[in-house]
Amino acid sequence: MIAALEILLIILIIGSIIFYLACAVCTRQFFSSTESVTQDRDAPVSILVPVCGLDEGAWENWSAFCQQNYPDYEVLFGVMDVQDPAVPVLKQLVETFANRAKLFVGLAPRGINHKDSNLSYLLEASQHEIIIFADSDIRVNPDYIRTVTAPLANPEVGLVSCAFVGYNPQSVGAAIASFGRCVDFIPSALLAKVIDGGFRFAVGATMATRKSTLANFGGLNLNRIGSDYNLGKRAAMAGYRVEFSRYVLESDTGRESIGEVFRRELRWARTIRYNRGPQYYTMAFCYGTVYCLPLVILSGFAEWAIALSLITLVIRYTQSLTAIFSIKAPKLIPWLWLLPLRDLLSFAVWAIGAFGQGVYWRGRRLRVIEDGLLTQWE
């Protein structure tokens, strides 16, 4: 029995080493590319921002949308609850940037997915063909619009998405969250592109598309978990290219706890499970560092097991540093001591996400059924 477990752990570790190396190569190639994308013209753009609650640095995040180096655009903010603490701040923002920003309040839910319900109102109110769905907790630079919409100059591109990290975390929870995005999600997404022959998902932090294109692959779905992920999937199925921008957004998670990070990432894990199906379980080969300690113990601290574990750790840290420097996030380096804890949390999230239907989302507990559809938890 012990021998069989040792063999299984060795297989998982070797598979993880291959995964780490492949992620490092894909990350380096993607971010070192000199390929540039330019727009033929500055077409007018609508930025649609659904808001729920007052996140860390909200004013700075929202005002950045309104100070773009772009000639013709509008920024639409939507809030469901008239008592939401974000409303007074947004009203002040709209007064400050009256020529750019508009606020819509009291948007009654049209489905279980409140974010997409909110967006559906903003989509109807928007004036322009090119639209950007943007999360409210990201920080953008003045060239944000120009950068993320540029690939749409190619009619074959149906959706452009951006990843996001916390470039300068100020707490353990924020650092854990940032590592999950910087050294895990982004590299694995780039590897998935190679395996799938193109991106087949999107990230909700930013999605740029055209209204006509959005209609061609089914529009918003107001009752689905991970609708952003699914939107990219449907765009690819409709024959469009999904592109990831090399511009990585800044998203500071403030001082959230590890428990809050766990609940959010568990929701993401179940989103991936419902959208990727059986492929979800191949992620067992992503946690080599977690398998090292059990292997060393089962082998009786054999030299070969210790050597394999050290090799795994060196490769994992090398892959992580490759991601950090490629994404230009050097302020994550002082937090590298957290990487083993990050890996252990990632493994727990994946294992628990492999079953169950419940998710927490903005204070609500929801149930996932069938092909990722959402219902109220009863």
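Rounded to the nearest 10 degrees, what's the angle between the helix 339-353 long axis and the longest principal axis of the chain, both from Cα atoms, 0 to 90?
The helix 339-353 is inclined about 80 degrees to the chain.
Which residue, chosen from Asn216, Ala302, Thr312, occupies the Cα position most advanced towards the positive end of the dipole of the stretch 182-329, where the dipole is computed from +1 (Lys, Arg) and -1 (Asp, Glu) charges on Cβ about the Cα centre?
Asn216
In degrees from 0 to 90, rounded to the nearest 10, what is the angle of the helix 227-237 Cα long axis to the longest principal axis of the chain?
Rounded to the nearest ten degrees, it is 90.
Please work out the Cα center distance from the stretch 298-366 to the stretch 152-209, rounded to the nearest Å.
Cα centroid of the stretch 298-366 versus Cα centroid of the stretch 152-209: 17 Å apart.
Given the options Gly204, Gly363, Gly53, state which has the largest fluctuation in a GNM of the chain using a 10 Å cut-off (strictly under) for Cα springs.
Highest fluctuation of the listed residues: Gly363.
Apply the Kirkwood formula to the stretch 144-222: the hydrodynamic radius equals the inverse of the mean of 1/r over all pairs of different alpha-carbon atoms; give it in Å with one decimal.
14.4 Å
Please compute the per residue accessible area over the chain with all protein chains in place, 1.4 Å probe, rounded to a whole number of Å².
That works out to 44 Å² per residue.
If you wrap a convex hull around the C-alpha atoms of the stretch 63-126 and split its volume per residue, what is the figure in Å³?
It is 87 Å³ per residue.
Residue by residue through the stretch 372-377, which ³J(HN,Hα) values in whole Hz follow from phi under the Karplus form 6.51 cos²θ - 1.76 cosθ + 1.60 (θ = phi - 60°), with glycine and proline marked x?
Per residue, the Karplus-derived 3J(HN,Hα) values read x, 7, 9, 9, 5, 6 Hz.
Report D for the stretch 76-231 in µm² per second (integer): Stokes-Einstein, Kirkwood Rh on Cα pairs, 37 °C, 0.692 mPa s. All intermediate terms of the calculation are to be shown ahead of the outcome.
On the way: Rh = 17.3 Å.
D, rounded to a whole number, is 190 µm²/s.
Quick one: with all protein chains in place, what share of the accessible area of the stretch 82-235 is carbon or sulfur, to the nearest percent (1.4 Å probe)?
Answer for the stretch 82-235: carbon and sulfur cover 53 percent of the accessible area.
Using only the alpha-carbon atoms, how far is helix 86-96 inclined from the longest principal axis of the chain? Give it as 0 to 90 degrees, nearest 10.
50 degrees
Find the lysine pairs in the chain meeting two conditions, Cα atoms under 27 Å apart and a separation of 8 or more places or different chains, and report how many there are.
11
Mind putting together the pair-distance distribution for the chain? All Cα pairs, 10 Å bins, whole percent per bin, short to long.
With 10 Å bins starting at 0, P(r) equals 5, 23, 33, 25, 10, 4, 1, 0.
By how many nm would the segment from Lys211 to Arg367 lengthen if fully extended, with 0.36 nm per residue of separation less the alpha-carbon distance?
The Lys211-Arg367 span can extend by a further 53.2 nm.
Taking 7 Å along the Cα-to-C-beta vector as the label spot, tell me the Ala238-Ile7 distance in nanometres, rounded to one decimal.
Roughly 4.9 nm, to one decimal.
I'd like to know how the stretch 264-378 sits against the 2.2 N^0.38 Å rule of thumb: what's its Cα Rg over that expected value?
Details: Rg = 17.6 Å, N = 115, 2.2 N^0.38 = 13.4 Å.
Taking the Cα Rg and dividing by 2.2 N^0.38 Å, one obtains 1.32.
Return the distance in nm (one decimal) between the two label points of a simple spin-label model at Gln92 and Tyr281, each offset 7 Å from Cα along Cα→Cβ.
Label at Gln92, label at Tyr281, 5.3 nm between them.
By how many nm would the segment from Gln127 to Ala43 lengthen if fully extended, with 0.36 nm per residue of separation less the alpha-carbon distance?
Residue separation times 0.36 nm, minus the Cα-Cα distance, leaves 29.0 nm.
For the stretch 156-286, with the dipole built from +1 on Lys and Arg beta-carbon atoms and -1 on Asp and Glu ones, taken about the Cα centre, which of Gly180, Tyr281, Val203 lies farthest toward the positive end?
Tyr281
Can you give me the % of accessible surface on the stretch 241-378 that is carbon or sulfur? Probe 1.4 Å, all protein chains present, nothing else counted.
Roughly 67 percent, rounded to a whole number.
The values are calculated or read from the model by the stated rules, or taken from the named source; none is laboratory data. Given the structure is predicted, the values throughout are model-derived calculations rather than measurements. Positions of Cβ are generated from backbone atoms using ideal geometry, with glycine treated the same way; all protein chains shown enter the neighbour counts. These area figures cover heavy atoms from the full protein model, side chains too; ligands, DNA and RNA do not enter into them. Shrake-Rupley method; radii C 1.70, N 1.55, O 1.52, S 1.80 Å.
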